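Below is one structure, written out as structure tokens; comments come after it.
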Amino acid sequence: MLEDELEDILGKAMRGLGFTPSHFSLLESDLPSLSGEKLNSVAKQLNLDTNKLNLIGSPVQPISLPDEMSCIVSHFGHLGVNAFLIETGQKRYLFDTGTEREKVANLDVDHIFITHQHHDHIECLDSFKNIPVDTPETLNAGTEIDLGTISIRLHDVSGHCSPAIAYEILGLSKPVCIVGDAIFKRSIGGCRTQAAYQTALHNIQQLLAKLTPTTILCVGHGPQTTVELECKENAFPLIK
């Protein structure tokens, strides 16, 4: 199951471009069943790829995380919210906290990194005492954090939320980038304004261009994906 279905993707693109369904002589209730020439016409005006939109209902390829990494899913929305724990050497790093304290409060972590400040990603932050925490407000995109056995390259993914940071993890058994809500499987995070939407698309394009195709994208909601799969299956204009 995906975080976003057809109507969600169309709605996000419409809001991002300042349109409503009435612009296309549609009702919002028409969006889930849109198909054929009407879908082609709407998608073209929204700069979405119709062929990729038609993949929304197709099976999702499961993605396995590196052995050093686990996903902690807590309640939020219909699929929950993802936090990620990396264990390497004697160190444990938590990326976002999710919403269920019982799932994270007893974790013995050395450092917490936050992708963005939406409440479902930071709700349990106050469960941790005397643990170093870095947020997009305390970090500088374009820099790298050396943690010894691994390092973290920081990328600006502002748009859905501003500021927001994606964490490219270097030194694991598989290439990984923790992207928060910037990207979902076959979709992207929603944006409140047209300016934020353009910022989001630009930052996602820049991010994907810097990552290898096999990089696993660890998303904030729903199943994990890869750079290669999103370039093939995501209807938003993510490739310049």
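The values are calculated or read from the model by the stated rules, or taken from the named source; none is laboratory data. All of these numbers come straight from a predicted model, not from anything done at the bench. Virtual Cβ from ideal backbone geometry, glycine too; neighbours counted across all protein chains shown. We work out accessible area using only protein heavy atoms, side chains counted, and drop any ligands, DNA or RNA first. Shrake-Rupley method; radii C 1.70, N 1.55, O 1.52, S 1.80 Å.
Quick notes on this structure:
- The reciprocal of the average 1/r between distinct C-alpha atoms defines the Kirkwood hydrodynamic radius, which for the range 3-76 equals 14.3 Å.
- Net charge of neighbours whose Cβ lies under 12 Å from the Cβ of THR149, counting Lys and Arg as +1 and Asp and Glu as -1: -2
- Relative contact order (%) - the range 6-106, alpha-carbon pairs under 8 angstrom, separation at least six: 16 percent
- Karplus-derived 3J(HN,Hα) values for the range 44-49, using 6.51 cos²θ - 1.76 cosθ + 1.60 with θ = phi - 60°, are 4, 5, 8, 6, 10, 8 Hz; glycine and proline are entered as x.
- Protein accessible area in the range 153-197, 1.4 Å probe - carbon and sulfur %: 52 percent
- Distant-in-sequence amide contacts of ILE178, defined by a placed amide H-H separation under 5 Å and a gap of 5 or more residues or a different chain, comprise TYR167, GLU168, ILE169, CYS218.
- In terms of accessible area, using a 1.4 Å probe and ignoring ligands and nucleic acids, ASP120, ASP67, ASP156, ASP126 rank largest first as ASP67, ASP126, ASP156, ASP120.
- Going by accessible surface with a 1.4 Å probe and the largest first, LEU172, LEU125 read LEU125, LEU172.
- Using the 1.4 Å probe convention, the accessible area of the range 1-51 works out to 55 Å² per residue with neighbouring protein chains retained.
- Remark on THR225: its backbone amide H falls under 5 Å from those of LEU217, VAL219, a criterion applied only to residues 5 or more positions apart or on other chains, H modelled at 1.01 Å from N.
- Using the rule -39500 (n - 2.57) for each DSSP H run of four or more residues, divided by the residues of the chain, the 222 nm mean residue ellipticity is -6500 deg cm²/dmol.
- For THR99, residues with placed amide H under 5 Å, excluding near neighbours: SER74, HIS75
- Extension gain (nm, one decimal) between HIS23 and GLU137, 0.36 nm per residue minus Cα-Cα: 37.3 nm
- Length gained on full extension, ASP110 to ASP67, computed as 0.36 nm times the residue gap minus the Cα-Cα distance: 13.6 nm.
- Per-residue 3J(HN,Hα) values for the range 219-228, derived from phi via the Karplus relation 6.51 cos²θ - 1.76 cosθ + 1.60 with θ = phi - 60°, read 9, x, 9, x, x, 6, 8, 9, 4, 4 Hz in sequence order (x marks Gly and Pro).
- For the range 1-24 versus the range 69-122, the spacing of their alpha-carbon centroids is 29 Å.
- Placing unit charges on the Cβ atoms of the charged side chains and taking the dipole of the chain about its Cα centre, the candidate lying farthest along the positive direction among HIS160, PHE95, HIS78 is HIS160.
- Student exercise, the chain dipole from Lys, Arg, Asp, Glu Cβ charges, in Debye to nearest 20: 560 debye
- Taking the Cα atoms of the chain, the ratio Rg/Rh between the radius of gyration and the Kirkwood radius comes to 0.98.
- Working note: Karplus 6.51/-1.76/1.60 with θ = phi - 60° gives the range 34-41 the couplings 5, 7, x, 5, 5, 5, 4, 5 Hz, where Gly and Pro are set to x.
- Average Cα contact separation per residue, the chain, under 8 Å, 6 or more apart, as relative contact order %: 20 percent
- Ranking by accessible area, most exposed first, for MET14, MET1 with a 1.4 Å probe: MET1, MET14
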